[in-house]
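**Q** Dropping a structure here in structure tokens format, bear with me for questions.
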Amino acid sequence: RAGGASINAVCSRGTWGGFLRDWVLTQHVLSRVVRMHEIDLIFASRSVGWVAATAVARRENLPIVWRGGSRITRAAERVALRLATPRWSPALFLANCDAVAADFAPYVGRTELLLNAVHTERFDPRRVRVDRGAAPLVGLAARPAPGKGLELLVDIVGRVARDLPEVRFAIAGEFPSRAQYERLFADVSDRVTFLGHVTDMPAFYARCEVVVLTSDEHSIEGSPNALLEAMAMERAIVATRVGGV
């Protein structure tokens, strides 16, 4: 956002043609904004933004800052960074935790921490009143997707059921693979509810006795906002030792 102007780029997911079209369009719009307004620096968050915005920054002779919140998990990503950053390295890389910084520092040069923040007025347990119900609830705030460790959660549900049969679990998050994971929980479906996209996350956390994070060791997990929000809501946390957690 600059001088009253803002850009929103919508990706045409699913096809290389759509991705390339969006990439060209994003560069065109960004170049126009840079020339129309007194832009001094470009800030790019997430890898698609790095690629599109860095091309414009180089062309317009502007510094660019990359922000990263996910770890590197694939060899192809390391190869791409090794090949691209000698010419396209940002002026500064901002990581949301030490784990992300350690992954990217060998490729991007100067690296600093910019920790994730929580809106503590919104995520304030004193402002949220909900009926916790009769059954204790364990919550997971994550998209049902690979890397989020839902296979581990299935095992956890089974173990808890043996000793505490009254406990229930809820998963707040949406993703195209949701149906696949719902089938994974078929044997314990009476104990687990997939809520899909949840708009009132403070109420979700307030309803939970415990909030868990089950992401696996090789996931992209950096510093999950879900845990920060749950802690702001004064919930108990149980999490895997992964990334910046």
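**Q** With θ set to phi - 60° and the Karplus curve 6.51 cos²θ - 1.76 cosθ + 1.60, what are the ³J(HN,Hα) couplings of the stretch 126-138 in order, to the nearest whole Hz, using x for Gly and Pro?
**A** 6, 9, 10, 10, 9, 7, 6, x, 7, 8, x, 10, 10
**Q** Right, here's the next one. With +1 on each Lys and Arg Cβ and -1 on each Asp and Glu Cβ, and nothing else charged, work out how big the dipole of the chain is about its Cα centre, in Debye to the nearest 20.
**A** Values: 31 positive and 26 negative charges, 153 e Å.
Dipole magnitude for the chain comes out near 740 debye.
**Q** Want the number for Glu174 to Leu152: 0.36 nm per residue separation, take away the alpha-carbon distance, what's left?
**A** Net length gain for the segment: 6.1 nm.
**Q** Suppose only helical runs count, i.e. DSSP H with n ≥ 4. What mean residue ellipticity at 222 nm does that imply for the chain under -39500 (n - 2.57) per run, divided by all residues and rounded to the nearest 500 deg cm²/dmol?
**A** On the way: 8 runs with 96 residues, N = 245.
Per the formula, -12000 deg cm²/dmol.
**Q** Quick one: if the Förster radius is 45 Å, what FRET efficiency do Val24 and His197 give, using the C-beta to C-beta distance and rounding to 0.05? All intermediate terms of the calculation are to be shown ahead of the outcome.
**A** Details: r = 31 Å, r/R0 = 0.68.
The value I calculate is 0.90.
**Q** At 7 Å along Cα-to-Cβ for each site, give me the label-to-label distance between Ala145 and Arg78 in nm.
**A** So the two model labels end up 2.3 nm from each other.
**Q** Sticking with this one: In whole Å, largest first, what are the principal axis extents of the Cα atoms in the stretch 72-137?
**A** 57, 25, 16
**Q** May I ask for log10 I(q)/I(0) of the stretch 95-205 at q = 0.10, 0.13, 0.20 Å⁻¹, from a Debye sum over the Cα atoms as equal point scatterers with solvent left out?
**A** Summing over Cα pairs of the stretch 95-205 leads to -0.43, -0.68, -1.09.
**Q** Applying a 10 Å radius around every beta-carbon, put 61-72, 129-140 in order of their mean neighbour count, most first.
**A** Order by mean packing, descending: 61-72, 129-140.
**Q** In whole Å, what are the Cα extents of the chain along the three principal axes, biggest one first?
**A** Answer, in whole Å and largest first: 62, 40, 33 Å.
**Q** Quick check for you: with a 1.4 Å probe and neighbouring chains kept, what is the accessible area per residue of the stretch 142-245, in Å²?
**A** Dividing the accessible area of the stretch 142-245 by its residue count gives 51 Å².
**Q** Let me ask you something else. Report Met231's accessible area, 1.4 Å probe, all protein chains in place, as a number in Å² to the nearest 10.
**A** Approximately 100 Å² of Met231 is accessible to the 1.4 Å probe.
**Q** Can I ask one more? Hey, any idea what % of the chain's accessible area is carbon plus sulfur with a 1.4 Å probe?
**A** With neighbouring chains kept in place, the figure for the chain is 54 percent.
**Q** Viscosity 1.306 mPa s, temperature 10 °C: Stokes-Einstein D of the stretch 195-245 from its Kirkwood Cα radius, in µm² per second?
**A** 137
**Q** On a full-extension model of 0.36 nm per residue, what is the gain between Asp163 and Glu60, subtracting their alpha-carbon distance, rounded to one decimal in nm? Display every interim value, and only then the final one.
**A** Details: separation 103, 0.36 × 103 = 37.08 nm, distance 6.32 nm.
Taking Asp163 through Glu60 to full extension adds about 30.8 nm, to one decimal.
The values are calculated or read from the model by the stated rules, or taken from the named source; none is laboratory data. Small disclaimer: the values here were computed from a predicted structure and weren't measured. Glycine also receives a Cβ, built like all others from the backbone with ideal geometry; neighbour counts cover every protein chain displayed. Quick note on the areas: whole protein, heavy atoms, side chains included, nothing else; ligands and nucleic acids left out. Shrake-Rupley method; radii C 1.70, N 1.55, O 1.52, S 1.80 Å.
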